[in-house]
Amino acid sequence: MLAARIIILTGSIILIGTAVFHGTGYRDVSAATAAPALKPFLRSVTKALWLDYSIHLLLIAVISIFLGLKLNSRTGVILCAVVPLVDSILLARFVGLFPGVFLLAAAAALLILGAILLPSGAGA
């Protein structure tokens, strides 16, 4: 059970680090979307989505830690892992391969592995 918790915590830390790094790009995104040719709606939604993505990674990490370390919920941690897994697939498909894709995929894999290693029947 200790191994499962360490693995879940590691996957969550990767998500937190990815979220923080992603959030540091907000200033560049704001500058890039300041072009007058860009419609105000697209400017606003791009900045909002940039921040939203960082926040959703943080929330998934915190929820995964709580579900895995406090409730021993296999199902909950696996459901949390689906988010970065789908994110990594979509990013690879539409943006291409870059370190963020690999970090998200690694975090998802660690969360799934950690969930599998949790004791059965504990928290479901």
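Where a number appears in this text, it was derived from the coordinates with a stated rule and is not lab data. Here the structure is a predicted model, which means the values were calculated and not measured. Cβ coordinates were reconstructed from backbone atoms using ideal geometry, including for glycine residues, and neighbour counts include every protein chain displayed.
The GNM of the chain, with springs linking C-alpha atoms under 10 angstrom apart, assigns the highest mean-square fluctuation among 51, 97, 71 to 97. In percent, rounded to a whole number, the relative contact order of the chain is 41, using alpha-carbon pairs under 8 Å and six or more apart. Once you reduce the range 58-113 and the range 8-30 to the center of their Cα atoms, the two points are 13 Å from each other. Labels on offer are [x] 24, 22, 15; [y] 32, 13, 11; [z] 21, 18, 13, and the one holding semi-axes √(5λ) of the Cα gyration tensor in Å computed from this structure is [y]. Model label sites at residue 93 and residue 42, defined 7 Å from Cα along the beta-carbon direction, differ in position by 2.3 nm. Pick from 54, 64, 30: which residue has the top mean-square fluctuation in a GNM of the chain where Cα pairs under 10 Å get a spring? Evaluated over the chain, the most mobile residue of the options is 30.
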